[in-house]
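The values are calculated or read from the model by the stated rules, or taken from the named source; none is laboratory data. Just so we're clear, the structure is a prediction, and the values are computed from it rather than from any experiment. Don't worry about glycine lacking a Cβ; one is built from the backbone with ideal geometry, like all the others, and counts go over all protein chains shown. In case anyone asks, the SASA skips ligands and DNA or RNA and just uses the protein heavy atoms, side chains included. Shrake-Rupley method; radii C 1.70, N 1.55, O 1.52, S 1.80 Å.
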Amino acid sequence: MATTAVSTGRRTDMRRVDAFERFLAIGAALLLAVVLVALFRGRAQWHLIGPGIWLHLATILAALALTPVMLLRPRGDWLHRRLGYVWVAAMAGTALISFTIRNTNHGGLSLIHILSAWTLIQVPLIVWTARNHQHVRHRSAVRGMVFGALLIAGFFTFPFGRLLGTWLLA
Ligand code: HEM
């Protein structure tokens, strides 16, 4: 009886959106808005951008748009699983495509590519923990990915003369 109560309590807790997840959801929505504004302001230079960057932007826009939906809506149902696969595919695609983009470090791999490699390790972990009902590890891996990859990498696409920052201030 006691075990049931504890496990029921834990399940309820896992499904509750906490303050950090609300912060991540708002961060992703704000970043999406700023990226869209930057893209719009840079429209005169769209023709200068290669297919790799466009693909990277397309997958990241999908991930950014889905992030608040995934974090704020109920977890564990049919739609969560379906949208979850789209989200991890978008993140994996973003990371994979990034290996074709080498604008810094004289055409070689740069520090940000470490984040891409980390993302490619995290994606299967996120799927595996979900499929094996390891909810605590699943939740923590997703939170780490949203904060560590999506928001941090996203933020750093603006300073230091990078493309989106240049367009935003144009
Ligand atoms: C909001 C999220 C993101 C946006 C808007 C974004 C956008 C961009 C853009 C426009 C570029 C090419 C132009 C430039 O370097 O300034 C780029 C390059 C790159 N991005 Fe992203 N990105 C995001 C997230 C990510 C994530 C999550 C990863 C890794 C998992 C990543 C990895 C990379 C790498 C490795 C490069 C190449 C850097 C280099 O040239 O050395 N990006 N990103």
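Taking segment 127-139 as the range and being farther than 19 Å from V69 by Cβ and buried (at least 21 other Cβ atoms within 10 Å of the Cβ) as the test, no residue passes.
Go through segment 140-156 residue by residue and tally those that are open to solvent by 40 Å² or more (accessible area, probe 1.4 Å) and closer than 20 Å to P68 by Cβ.
Residues meeting the conditions: 5.
Scanning segment 137-162 for residues that are over 16 Å from I26 (Cα atoms) and at pLDDT 95 or above yields R137, H138, R139, S140, A141. What do you reckon, is I97 within 17 Å of the chain's Cα centre (by Cα) and over 27 Å from R22 (Cβ atoms)? So I97 fits the description; yes. Only a single criterion out of (1) open to solvent by less than 40 Å² (accessible area, probe 1.4 Å); (2) farther than 24 Å from M14 by Cβ; (3) touching a helix residue (DSSP H, G or I) at 6+ places or on another chain (Cβ under 7 Å); (4) not in a loop (DSSP other than H, G, I, E, B) is not satisfied by M70, namely (2).
Which one of these is within 8 Å of the ligand (Cβ to nearest atom), among the β-branched types (V, I, T) and at pLDDT 95 or above: T104, T119? That would be T119, the only listed residue that is within 8 Å of the ligand (Cβ to nearest atom), among the β-branched types (V, I, T) and at pLDDT 95 or above. Taking the listed residues R82, R75, R102, the one that is outside any helix (DSSP H, G or I) and free of Cβ contacts under 8 Å to residues at least 12 places away in the same chain is R102, with no other qualifying.
Looking across segment 9-58, just one residue is in contact with a Leu (Cβ under 8 Å, 6 or more places away or on another chain) and among the acidic types (D, E), and that is E21.
Conditions tested, residue by residue: (1) surrounded by fewer than 15 Cβ atoms within 10 Å (Cβ to Cβ); (2) closer than 16 Å to S140 by Cα; (3) modelled with pLDDT under 95.
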residue	(1), (2), (3)
M1	yes, no, yes
S7	yes, no, yes
R15	yes, yes, yes
V37	yes, no, no
F40	yes, no, no
H47	yes, no, no
P51	yes, no, no
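Taking segment 105-125, which residues are out of contact with any Gly (no Cβ under 8 Å at 6 or more places or on another chain) and under 15 Å from V88 (Cα atoms)?
Restricting attention to segment 105-125, the residues satisfying the condition of being out of contact with any Gly (no Cβ under 8 Å at 6 or more places or on another chain) are 105-114, 116-117, 119-121, 123-125.
Listed by number, the residues that qualify are S116, A117, T119, L120, I121, V123, P124, L125.
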